[in-house]
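Read through the structure below, which is laid out as structure tokens, and then see the notes.
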Amino acid sequence: MRIVSGIQPTGNLHLGNYLGAIRNWVAMQEDAGRTGAELFFFLADLHAISVAHSPAELAANTREMVAALVACGIDPERSVLFNQAQVPAHAELQWLLNGTARIGWLNRMTQFKDKAGKNRDSASVALYTYPVLMAADVLLYNATHVPVGDDQKQHLELARDLAQKFNNDFCSADKPLFTLPEPIIPPEAARIMSLRDGTSKMSKSDPSDMSRINLTDDADALMNKVKKAKTDPEPLPSEAAGLEGRPEAKNLVGIYAAMSGQTVAQILSDFGGKGFGTFKPALGELLVEKLAPINQRFSTLRQDREALDAILRKGAEKARAAAAPTLAATYDALGLVR
């Protein structure tokens, strides 16, 4: 069993990033001790250049993401942690797969339509062929399983289509080159919303820092943000149905549930009928308990550029070694003389 998953390096990591992806990776790492699975986690810096970006920010964000992953529990000795740019085989395999990919397949990719917006002619070619690079990311390592959310299911289906067509076109029936990866549907992550507007997702792009819980926030900042989070004047209900139409209340209870491992029903059983003057301090204390150790490790790690670069180099060496046989076999299958 080999699991491959990537994440784009972004700055200002917040609670939504942690609960949406990073915590699932840590859980997979713990399960690997039981299942024997090999884990490849990469920072998708090649994907990041498909849209306008600041080179200096991309480099800084890549290192910051490594610090965050390690601080959250990813162990570079137990998982292969690297960035795409240090493994050229990702870009090479994408080009080799471009000959198998079909324009019609890419035209159906909904994420390109969403990201390109109305003026698609001004979008980069990299954004259009982004799904082929995603396919290369997983096929390169013959991944057996790939964690996917709802927005990535279509891309994994494309990877399977590419693998199947390539195997049919260039390999014998008894010796396929590419493994068809199966999806892993992670446990449903809490949908973390803004602390200032319960109808908008928590985002690093929100101009108000009070709208989000950052992994860099210390205990005082965490407590202050929770206490000042937008709420309504009503006490908490005793049942989940009572949260409907109350987005800010629903968001805070959802955060408590995600961080504590309790169900919403259990939380409302304890806090139903009580006001936010009671609930907010309890939520703040829970966040401090869970996030303060991460914050402490993150704050230390992100200052040590040399150590972060060493982690990426070591992971890239392992990734290049794992990728080399598949890349060589792809060149051979296509009849390319090297």
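Since every read-out is calculated from the coordinates, none of them should be taken as a lab result. Keep in mind the model is a prediction, meaning the values are calculated, not measured. Cβ: placed from backbone, ideal geometry, glycine included. Neighbour counts: every protein chain shown.
Observations, loosely collected:
- Descending semi-axes in Å of the chain, equivalent ellipsoid built from Cα gyration tensor: 40, 22, 19
- Share of Cα-Cα pairs in segment 209-301 lying beyond 15 Å, as whole percent: 58 percent
- Relative contact order of the chain, pairs being alpha-carbon contacts under 8 Å that are 6 or more residues apart, as %: 23 percent
- Cα-based reach from Lys113 at 17 Å (exclusive), listing aspartates and glutamates while leaving out same-chain residues under 8 positions away: Asp121, Asp150, Asp151
- The mean sequence distance of close C-alpha pairs (under 8 Å, at least 6 residues apart), as a share of the length of segment 35-84, puts its relative contact order at 69 percent.
- Residues His145, His90, His53, His155, arranged from fewest to most other Cβ atoms within 10 angstrom of their Cβ, appear as His53, His145, His155, His90.
- Remark: for residue pairs Lys227/Lys250; Lys250/Lys280; Lys153/Lys204, the C-alpha separation exceeds 22 Å in Lys153/Lys204.
- Sparsely packed loop sites in segment 1-106 (the trypsin sites (Lys or Arg not before Pro) outside DSSP H, G, I, E and B with at most 14 other Cβ atoms within 10 Å) comprise Arg78, Arg102.
- Whole-angstrom gap from segment 63-83 to segment 239-289, using each part's C-alpha centre: 31 Å
- Theoretical ellipticity at 222 nm over the chain - DSSP helices of four or more residues, -39500 (n - 2.57) apiece, nearest 500: -16500 deg cm²/dmol
- Mean sequence separation of contacting Cα pairs (under 8 Å, at least six apart), scaled by the length of segment 209-301, corresponds to a relative contact order of 40 percent.
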